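What follows is a set of notes on a single structure, which appears directly below.
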Amino acid sequence: MGRPIRKDRMFNDRLGNNDDSTAYSGRIEVSAYFPSGGSLQQNDDAYIMRQRGSKQFLIHQPDSTEAVYTLVPKPPAELVAGEMCVKITIRNTDSGVPEDAWVEKFYNRTVHFADAQGTVTGHVPYTLGTEAGEDSTAAGAGSINVI
């Protein structure tokens with residue numbers, strides 16, 4: 001798996017002083033996931049709990065269940081059972097216009113991404129925030145939505 005992502009890169013804020021994994025806010029939002037034996041789930045406040053492999057993540061689902069999904073860089077409509085996607089908004093260095101892409105792999109300070117067509121890929125530093133792609137995002141950097 002390589003080195004796991006630091007826990008402080010998976011959450012935006014720490015609440016309190018205990019070691020309880022539920023004492024965090026600003027968890028990385030899962031844009032969509034496709035449960036085995038189920039149907040595509042989008043925009044339902046699912047979030048990443050912890051990393052289980054380089055592209056495997058335990059996610060908390062709205063019905064209070066948890067399951068492991070594989071992170072893939074494709075839009076929600078293309079997901080198959082057992083897959084999930086996370087959207088990143090990247091401020092274009094040329095035009096300054098925010099563009100959406102899909103995270104392929106998380107690193108401690110950067111993400112590897114692919115656009116919806118899979119034609120543009122790359123690495124960008126990222127921040128966790130509620131308003132991805134706002135003016136505070138530096139050109140050539142990305143922002144990931146949180147819950």
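Just so you know, all these numbers are worked out from the coordinates, no wet-lab data involved. Since we're looking at a predicted model, the values are computed, not measured. Quick reminder, even Gly has a Cβ in these numbers, built from the backbone with ideal geometry, and neighbours come from all protein chains shown.
The rule of thumb for compact globular proteins, 2.2 N^0.38 Å, goes into the C-alpha radius of gyration of the range 24-84 1.00 times. What's the FRET efficiency of Thr65 with Thr119 using the Cβ-Cβ distance as r and R₀ = 25 Å, to the nearest 0.05? Efficiency at R0 = 25 Å is approximately 0.10. Put simply, the amide H of Glu104, placed in the peptide plane, has neighbours under 5 Å in His112, Phe113, Ala114, leaving out anything fewer than 5 places away on its chain.
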